[in-house]
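Asks: Please find one structure pasted underneath; my questions will follow.
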4 protein chains.
Amino acid sequence: MTSPLRLGLIGTGRIGQVHAATIATGADTELSYIADPFIAGAEALSQRFGGRVTTDPAELIGSGQVDAIVIASPTPTHIDLLAAAIDAGIPALCEKPIDLDIARVDALRERVAAAGVPIALGFNRRFDPAFAEVRARVAAGEIGDLEQLTIVSRDPAAPPADYVAISGGIFRDMTIHDFDMARFFLPDIVEVTASGSTLFDDGARQHGDYDTAVTTLRASNGALVTIINSRHSAVGYDQRLEAFGVNGHLSVANAHTSLVSASTAATTDARGPYQDFFLDRYAAAYRAELADFVSLTRGERSHAATFDDGRAALVLADAATASAGGAGRVSVDLG
Amino acid sequence: MTSPLRLGLIGTGRIGQVHAATIATGADTELSYIADPFIAGAEALSQRFGGRVTTDPAELIGSGQVDAIVIASPTPTHIDLLAAAIDAGIPALCEKPIDLDIARVDALRERVAAAGVPIALGFNRRFDPAFAEVRARVAAGEIGDLEQLTIVSRDPAAPPADYVAISGGIFRDMTIHDFDMARFFLPDIVEVTASGSTLFDDGARQHGDYDTAVTTLRASNGALVTIINSRHSAVGYDQRLEAFGVNGHLSVANAHTSLVSASTAATTDARGPYQDFFLDRYAAAYRAELADFVSLTRGERSHAATFDDGRAALVLADAATASAGGAGRVSVDLG
Amino acid sequence: MTSPLRLGLIGTGRIGQVHAATIATGADTELSYIADPFIAGAEALSQRFGGRVTTDPAELIGSGQVDAIVIASPTPTHIDLLAAAIDAGIPALCEKPIDLDIARVDALRERVAAAGVPIALGFNRRFDPAFAEVRARVAAGEIGDLEQLTIVSRDPAAPPADYVAISGGIFRDMTIHDFDMARFFLPDIVEVTASGSTLFDDGARQHGDYDTAVTTLRASNGALVTIINSRHSAVGYDQRLEAFGVNGHLSVANAHTSLVSASTAATTDARGPYQDFFLDRYAAAYRAELADFVSLTRGERSHAATFDDGRAALVLADAATASAGGAGRVSVDLG
Amino acid sequence: MTSPLRLGLIGTGRIGQVHAATIATGADTELSYIADPFIAGAEALSQRFGGRVTTDPAELIGSGQVDAIVIASPTPTHIDLLAAAIDAGIPALCEKPIDLDIARVDALRERVAAAGVPIALGFNRRFDPAFAEVRARVAAGEIGDLEQLTIVSRDPAAPPADYVAISGGIFRDMTIHDFDMARFFLPDIVEVTASGSTLFDDGARQHGDYDTAVTTLRASNGALVTIINSRHSAVGYDQRLEAFGVNGHLSVANAHTSLVSASTAATTDARGPYQDFFLDRYAAAYRAELADFVSLTRGERSHAATFDDGRAALVLADAATASAGGAGRVSVDLG
């Protein structure tokens, strides 16, 4: 029997809290150290789930008391923390995106490759049971060659204007998940075309962002991916996918919150609301993501996004931003 | 190429009109004669679809101008018209029920058997594409031995009190269709248990009938059938069936009137109304029923209910009436 | 803030283990004592979830260290343990059934009523989110007066023959859940009619039991309940319900294990397996049941089945057994 | 009561035959004249449905025996026949597209506008009950402002290579229906971006066409339309639409051929094939289209595509062809 993996958590915001709970309830993980400059956040998590606390991530990384770290701090800190983890030889699961600036990402790229320290990017949707099932069934040949992939990804509601201001724009902030999902099926994307509109969100309008977008990707084998985004959805979190192949298609439906349907004179077979919060919809994905990261640290098989996958998603987001901004069709080379 | 079958129609009420249209538009049938004491009804149909008219069914049967007849006149006339058809050697498709009095049915039974003239009973649901498909798939062994059959059969709204008065009661008037459907899958029924309630319909209350009923049938092989009836259904005509076998089940859903679904903050995936009128829901069944009758007259394969099937349905209805009225479990012998 | 409820657990079999995990992870409960004559079972749970252990339930009840108990030991022990709990003034959540012998249940009944100690029966399906939602929506008048209730309840596979031998028969062992569900909607049942068949299970055949059953209940207001049971289901655990009222119906569908559907040349929109184990299907129900029991011990609102509800379910099971055995329609008085 | 509209039919191929049957069975239409250079085609239809025959469309138009015409002859003949109809003052329902050459269309445009003779283009999908219902519900404000429209349109199988050669390419031949559907909801399209691939069809490969395409349209109000096309679909004719608005979305599902679903150990709730032929899927649409054309000839309300709508669809097809061929984003002015 393996002893539990001692995990250090950096960042105690919403996602940090999810990771803390997952680590604490995992059979083979323990939350040993928590770092956050906002020490009250670290202390609150420590009280619930155990672990030492510090305001200084460097202290955590250098403590000798963590076997691996989870980076859930703000995006601008990711690059430096990843660098520190690599130097310390400590595997890291880093929330997406690596950074909003591809130059900074590229600057670290060679070092990551040379170090050989396991790095996973937090594209949790790869671990959603439904998306993972479709990918596995496609890989097993159930629908033959994949020709078209359609991803509908709509958030329940637009983020605050403050957040939009620093988000890097819809393609880097929101569609980036869909870019990684596209590459989960079709890694070698060669072309990006995107259109954006600003229809309802004042924050987006104020900061020159879009609230509505459609992106088309072309894979090197000619397969076409369509990504349909909106920053709002009255029906709740709208997360669907269809893989269309030679022999049929596999679809992921939205997750209902109830098994009940109603039939009356007005409407029939009416279901209730969808799960409308990403932490509910992707609860299982967060757990599976951490389990996969444990495997990765043990040198076992992993489906996680790598550093290069994280970079590729950003390259696509940059290309989509350029395309929607006027560049039309944009070729990309993810090699 | 065969010449069209010359059909005589007796009775020009709602069902008679359906048959007239089906006959007139069929490629291998023609409406040659129409009889109704209410001659205006016959004339109206003749004007639309052709055919001679008469007030006297005997004239039609004896005219030498009909190859077969469809009996769609009131129930009390069925026995005599069937007898006349048999005597004349003319095949007949007779609307259900044969009669409300089993003694009168039994009195004709031997003569029907001896005559060898093709007689089909108008249990049209046997020809509904969905029910017929389930039966064929069960017969082909797709779900293994059939263990349970569940039939939900609810009318949109209760009939007028006048009609209830002469209907013979819910089991003979409404459930009789379901008895035949049960026997379409499991012909050898040996036991009937039924419960009825009068919950909403003044007509039923006034005439000692039920508006709500549940019937359980046992087949000789032990398979159990459940029939769930109501004389009203706010959602429209509610016609479902589930065949449960060793290896799974096959279900018939209600027929929606539209392919559209709506998702809003309140409800998701909500469909519109079901088809809510038996002539719409069973339009295809009526056409297939007539086509089968044409086959029957030509000595070809038929899935239609026979005279004995019509008798069996009435025996089951009588047993259910007795059971609900206080007899508890009632054994039947359909042999 | 209330201090956690100290719970004693009696019985560490499959259901006992479920309760132990629920108690240990609940925010306001703690597992303080575990009793099982098979001490290794108690020790294994203690190691995972804490709590003292004993082979003797009486020691647990008399320890002064439990605020309430959960009785998950074999059925024949329930009556004596309930009596002991009442005498000690300790609230108890007791797994169903109270006992297989109505005389023994009745013997305790007055004492339970007189004691006023909160007793809940473990009819966990009342707490299933879907069934509870339908009941709440019916109670809120969404579909008007309830006229028919249809319950489909099929187990994935028949239990071992040994178990069938001591189970009390399908109606007391399996349908008893459905009797309680029926009474969750329509408490005042006045009549029972049941039919059973033995179609596939050697254990049932060997011990004179049925593996297939249909039961009809009549409520005092005339509403009719249909319960359709089978001891096997190739498609997995089949647990459905339809509440049919004046203005429409509310239905509970089976729970799929995946959001994925497949469309190929052969079939379209095909979903994967249902949840096929009661602990998965009713995981949320077990948690909600315990939370409700905590409320009950605190004198707050509870939806749990009471001792009298547990008795009523057994009365209905006895009546169904008699009905299927030859008694036809059986009147019952649950008052 | 109005006398029936005497209709002349030009062209007796597959679509011509559909129109002939619709005209002949319509209550207020009669097929009075049929023209086809391939006279056997005209004669065959005349035998079934009546009407005089000729090899010369000009004879039909000038006969004084037709009140309106249906043009179902090959695309290259449309412009001249429309011109002749206008000159004769005879309303025409012309199959799409008007022509493959926008210059020829534009050359006729002013004359059509000046003549005031009712011209309808055969974009039959506007009359599909489901699409028409969604449009009406969107227009009624059910989902608030329309922000995104997604159209999935996949044919069962690619056309013969010969046909591909003269088809004008996938955007002018197939997507043109979807362009008109997009404009049925959002008439004022200002921008087109399209991507095409050739993945499976030798005919497309041979003739420089695509078999797979994704098109994004922007409306003047910023709403975005996505059109997903494939020349094959293993599951049958794949025709779906989703209108996404501020308050929810309305979706059109594929049409199943049966109400039956199957649940076994392998898959649950599996439906059978979709309708897989456009004449089946759009049978109701063809009837409604003709009924609308009759209204149009009578000066009543019409939802049919006008000559300008037909031109707009071709402009969008040309823009998509250019975009996919390398032009990236293409602005269009449909004014």
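Asks: Would you mind giving the three semi-axes, in whole Å and largest first, of the ellipsoid equivalent to the protein assembly as shown according to its Cα gyration tensor?
Replies: Sorted largest first and rounded, they come to 56, 52, 22 Å.
Asks: By its C-alpha gyration tensor, with a ≥ b ≥ c as the square roots of the eigenvalues, how is segment A:270-335 shaped: rounded for a/c under 1.5, else prolate for a/b larger than b/c, else oblate?
Replies: oblate
Asks: Moving to a separate point now. Sequence gap at least 6, Cα distance under 8 Å: using those rules, report the relative contact order of segment C:1-110 to the nearest whole percent.
Replies: Relative CO of segment C:1-110 lands at 26 percent.
Asks: If I model a spin label as a point 7 Å beyond the Cα along the Cα-Cβ vector, how far apart are those points for C:ILE166 and C:ALA107 in nm?
Replies: In this crude spin-label approximation the distance works out to 1.9 nm.
Asks: Moving on to the next point. When you look at the Cβ of every residue in C:323-332, what mean number of other chain Cβ atoms sits within 10 Å?
Replies: The shielding value for this peptide is 3.
Asks: Just the number: Rg to Rh for segment A:56-146, Cα atoms, Kirkwood Rh, two decimals.
Replies: In segment A:56-146, Rg relative to Rh is 1.09.
Asks: Using only atoms on other chains, find how many Cβ atoms lie within 10 Å of each Cβ of peptide C:245-256 and report the average.
Replies: That works out to 6 on average.
Asks: Still on this model: May I ask for the distance between the Cα centers of segment D:1-52 and segment B:260-335, given as a whole number of Å?
Replies: One Cα centre to the other: 39 Å.
Asks: With just the Cα atoms of segment A:30-74, tell me how far they stretch along each of the three principal axes, in Å, largest first.
Replies: 22, 22, 15
Asks: Also: For Cα pairs less than 8 Å apart in space and 6+ apart in sequence, what is the mean separation divided by the residue count of chain D, i.e. the relative contact order in percent?
Replies: 18
Asks: If only Cα atoms are counted, what is the Rg of segment B:106-202, and what is its Dmax, in Å?
Replies: 16.6, 46
Asks: Largest first and in whole Å, give the semi-axes of segment D:38-192's equivalent ellipsoid, each being the square root of 5 times a Cα gyration tensor eigenvalue.
Replies: Square roots of five times the eigenvalues give 31, 20, 18 Å.
Asks: Please identify, among A:GLY50, A:GLY169, A:GLY16, the residue showing maximal mean-square fluctuation in a Gaussian network model of chain A using a 10 angstrom Cα cutoff.
Replies: Result: A:GLY50 has the largest fluctuation of those listed.
Asks: Work out the mean other chain Cβ neighbour count within 10 Å for the residues of C:139-148 and drop it here as an integer.
Replies: Taking the mean over all residues of the peptide, I get 3.
Asks: A further question on this structure: Could you give the alpha-carbon Rg of segment B:1-57 over 2.2 N^0.38 Å, rounded to two decimals?
Replies: Ratio of Rg to 2.2 N^0.38 Å for segment B:1-57: 1.03.
Asks: Then there's this: What does the copy distance list look like for C:ASP162, label position 7 Å along Cα→Cβ, in nm and ordered from shortest?
Replies: Nearest to farthest, the other copies are at 6.5, 7.0, 7.5 nm.
Asks: If amide hydrogens are placed 1.01 Å from N in the peptide plane, which non-local residues have theirs closer than 5 Å to the one on C:ILE69?
Replies: Excluding prolines and chain starts, which carry no amide H, the hits are C:GLY8, C:ALA92, C:LEU93.
Asks: Excluding A:GLY141 itself, what net charge comes from residues whose Cβ is under 14 Å from its Cβ, given Lys and Arg +1 and Asp and Glu -1?
Replies: -1
Asks: Sticking with this one: Say R0 is 25 Å: what FRET efficiency, to the nearest 0.05, do A:GLU300 and A:ALA88 get from their beta-carbon distance?
Replies: 0.70
Asks: Another question about this same structure. Pick from C:LEU199, C:LEU121, C:LEU186: which is most flexible by mean-square fluctuation in a GNM of chain C where alpha carbon atoms under 10 Å apart are linked?
Replies: Result: C:LEU199 has the largest fluctuation of those listed.
Asks: Using only the Cα atoms, work out Rg/Rh for chain B, with Rh taken as the Kirkwood radius, to two decimals.
Replies: 0.97
Asks: Considering every pair of different Cα atoms, what Kirkwood radius, in Å, is found for segment D:153-252?
Replies: 14.3
Asks: Turning to a different aspect of this structure: Work out Dmax and Rg for segment B:161-218 from the C-alpha atoms and quote the Rg first, both in angstrom.
Replies: 12.5, 36
Asks: Any idea what the dipole of chain C comes to, in debye rounded to 20, about its Cα centre with Lys/Arg Cβ at +1 and Asp/Glu Cβ at -1?
Replies: 380
Asks: Work out Dmax and Rg for segment B:183-324 from the C-alpha atoms and quote the Rg first, both in angstrom.
Replies: 18.6, 59
Asks: From the label point of B:GLN206, set 7 Å from Cα along Cα→Cβ, how far away are the matching label points in the other copies, in nm, ordered shortest to longest?
Replies: 6.1, 6.9, 7.5
Asks: Residue of B with Cβ nearest the axis relating B to D, plus distance in whole Å?
Replies: So the closest residue, with its distance, comes out as B:THR25, 4.
Asks: Scaled to the compact-protein estimate 2.2 N^0.38 Å, what is the alpha-carbon radius of gyration of segment D:1-113, rounded to two decimal places?
Replies: Cα Rg divided by the expected 2.2 N^0.38 Å: 1.02.
Asks: Then there's this: Please work out how much accessible surface B:HIS232 shows to a 1.4 Å probe, ignoring ligands, DNA and RNA, in Å² rounded to 10.
Replies: Accessible surface of B:HIS232 is approximately 30 Å².
Asks: Using the Kirkwood formula on the Cα atoms of segment C:206-269, what hydrodynamic radius do you get, in angstrom to one decimal?
Replies: So the Kirkwood estimate lands at 15.5 Å.
Asks: Towards the positive end of the charge dipole of chain C, with charges on Cβ (+1 Lys, Arg; -1 Asp, Glu), say which of C:ALA320, C:THR297, C:VAL192 has the farthest Cα.
Replies: C:THR297
Asks: Let me ask something else about it. Dividing the Cα radius of gyration by the Kirkwood radius, what Rg/Rh value follows for segment C:240-299?
Replies: 1.17
Asks: Could you pull out every residue, at least 5 positions away or on a different chain, whose amide H is within less than 5 Å of the one on D:GLY248? Hs are placed 1.01 Å off N in the peptide plane, and Pro or chain starts have none.
Replies: For D:GLY248, whose amide H was placed from the backbone, the distant partners under 5 Å are A:ALA234.
Asks: Given the options C:ALA130, C:ALA313, C:ALA234, which has the most mean-square fluctuation in a GNM of chain C, springs set between C-alpha atoms less than 10 angstrom apart?
Replies: C:ALA234
Asks: Can you give me the distance in nm between label points at C:ASP56 and C:ARG205, each placed 7 Å from the Cα along the Cα-to-Cβ direction?
Replies: In this crude spin-label approximation the distance works out to 4.8 nm.
Asks: Would you kindly work out, in nm and rounded to one decimal, the distances from the label point of B:HIS303 to those of the same position in each other copy, ordered shortest first, with label points 7 Å along Cα-to-Cβ?
Replies: 3.5, 4.3, 4.3
Asks: Same structure again: Quantify, in whole percent, the carbon and sulfur part of the accessible surface of the protein assembly as shown (1.4 Å probe; protein heavy atoms only).
Replies: 52
Asks: Using R₀ = 30 Å, calculate the FRET efficiency as 1/(1 + (r/R₀)^6) where r is the Cβ-Cβ separation of B:ASN221 and C:ASP280; round to 0.05.
Replies: E(calc), rounded to 0.05, equals 0.35.
Asks: Can you compute the charge dipole magnitude of segment B:4-74 about its Cα centre, using +1 on each Lys and Arg Cβ and -1 on each Asp and Glu Cβ, nothing else charged? Give it in debye, rounded to the nearest 20.
Replies: Computed about the Cα centre, the dipole is about 160 debye.
The values are calculated or read from the model by the stated rules, or taken from the named source; none is laboratory data. Here the structure is a predicted model, which is why all the values come from computation and not from measurement. Cβ: placed from backbone, ideal geometry, glycine included. Neighbour counts: every protein chain shown. When the accessible area is computed, the model is the full protein with side chains, heavy atoms only, and any ligands, DNA or RNA have been set aside. Shrake-Rupley method; radii C 1.70, N 1.55, O 1.52, S 1.80 Å.
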